[in-house]
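Taking it in order: structure first as structure tokens, then the write-up.
Bear in mind these aren't lab numbers, they're just calculated from the coordinates by the rules spelled out. Values in this document were obtained by computation on a predicted structure and should not be read as measured data. Quick reminder, even Gly has a Cβ in these numbers, built from the backbone with ideal geometry, and neighbours come from all protein chains shown.
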Amino acid sequence: MGPVFLLTGFRADRPLSVVLLMVAVAPIVTLTLIPLIAARLFVEEKQTRTIETLFTSPISDYEIILGKWLGAVSMYVLILALSLAELAAIRLFRSVDWSTVTPYYSALALQGCGVLAVGECLSMSTKH
């Protein structure tokens, strides 16, 4: 038994174990990345005292909130895309069933969008 089995319960000698390892670790990484991204959406504006300038700009409040959310979602999707590039590199050495990976990454992206929206609301309601 190696360290991979101890961490996730998957054996490294099976064909899809690398993909299963990524599937097992991805929610943990997601749950640590999303709060880090969401926490800085409006808190940084409040700490640097530029939120007044932001909300007095000639765009509406909805456009500010939507723009910040889209920026956070694009950063999260970029991180997911980088992990897909890792899967493409794994594909060079092992077979990957893309019909199972695609819905999983779509679900991760949708989950991230929803949790980032909640995180943005929490970021607006706190000072620090």
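Six or more apart or on different chains, Cβ atoms under 7 Å: show the pairs whose first residue is in the range 46-65 and without any contact (Cβ under 8 Å) to a residue 12 or more places away in the chain and surrounded by 12 or more Cβ atoms within 10 Å (Cβ to Cβ) and whose second is part of a helix (DSSP H, G or I) and not aliphatic (A, V, I, L, M).
Pairs found: I51/E45; L54/E45; F55/D61; I64/F55.
The rows are residues; the columns are (1) closer than 30 Å to V96 by Cβ; (2) of a type in the set (A, V, I, L, M, F, W, C); (3) in a helix (DSSP H, G or I).
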residue: L36; (1), (2), (3): yes, yes, yes
residue: E45; (1), (2), (3): no, no, yes
residue: I65; (1), (2), (3): no, yes, yes
residue: K68; (1), (2), (3): no, no, yes
residue: A81; (1), (2), (3): yes, yes, yes
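Hey, can you tell me all the residues within the range 92-119 that are assigned to a loop (DSSP other than H, G, I, E, B) and either without any contact (Cβ under 8 Å) to a residue 40 or more places away in the chain or under 20 Å from I34 (Cα atoms) (or both)?
Here is the first cut: in the range 92-119, the residues assigned to a loop (DSSP other than H, G, I, E, B) are 92-97.
Residues satisfying the conditions are L92, F93.
Mind listing whichever residues of the range 89-110 are under 30 Å from V43 (Cα atoms) and either surrounded by fewer than 15 Cβ atoms within 10 Å (Cβ to Cβ) or hydrophobic (A, V, I, L, M, F, W, C) (or both)? Steps first, answer last, please.
Start the filter on the range 89-110 by keeping residues that are under 30 Å from V43 (Cα atoms), which leaves 105-110.
Correct list: S106, A107, L108, A109, L110.
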